[in-house]
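Following: one structure in structure tokens, then a few remarks.
The values are calculated or read from the model by the stated rules, or taken from the named source; none is laboratory data. Here the structure is a predicted model, which means the values were calculated and not measured. Cβ: placed from backbone, ideal geometry, glycine included. Neighbour counts: every protein chain shown. Heavy atoms of the whole protein, side chains included, go into the accessibility calculation; ligands, DNA and RNA do not. Shrake-Rupley method; radii C 1.70, N 1.55, O 1.52, S 1.80 Å.
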Amino acid sequence: MTDCELLLFLGIDPSTLDPVPQPASRCDFPTERLAARHPCVRCGQPSSAAGIISTPRHGRRWLDRCMPCLVAATPRGGPPVPLADILTTLRDAAAEAGVTLRIVTDEG
């Protein structure tokens with residue numbers, strides 16, 4: 001997920017985020033930012049994670065989030081095996097258990 005996609009997913013306007021001072025020192029990141037306890041951009045609770053995002057129009061901005069909002073917006077990736085293999089396993093387990101199973105997917 002790109003920075004712009006993340007902001008869109010969170011419903012955040014990048015112009016509302018604090019700009020990152022220039023130059024941003026890596027040794028200060030994110031210790032000083034977290035010590036200031038900025039509010040989470042999503043829910044307003046005190047942030048426990050600070051990141052820097054970059055958009056072409058707004059440049060580098062701070063993205064402060066609490067842990068639940070950070071976890072909720074962290075991509076998890078796809079399944080480790082093909083969907084067809086998972087469905088076969090489910091069908092086999094249902095047949096073995098004597099259960100009627102109807103699987104609905106968004107794949108054709």
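Normalised by the number of residues in the chain, the mean separation of alpha-carbon contacts (under 8 Å, six or more apart) gives a relative contact order of 22 percent. Accessible area per residue for the chain is 70 Å², calculated with a 1.4 Å probe on protein heavy atoms, without ligands, DNA or RNA.
Only helical runs count toward this figure. For the chain, summing -39,500 (n - 2.57) over DSSP H runs of n ≥ 4 and dividing by all residues gives -8500 deg cm²/dmol at 222 nm.
Treating each Cα of region 35-108 as an identical point scatterer and summing with the Debye formula, the log10 of I(q)/I(0) at q = 0.16 Å⁻¹ comes to -0.72. Which angle between 0 and 90 degrees, to the nearest 10, do you get for helix 83-97 versus the longest principal axis of the chain when only C-alpha atoms count? Result, in degrees: 50. Among the protein heavy atoms of the chain, carbon and sulfur supply 57% of the accessible surface, probe 1.4 Å, non-protein parts ignored.
Rounded to the nearest 0.05, the FRET efficiency derived from the C-beta distance between Leu34 and Asp13 at R0 = 25 Å is 0.65.
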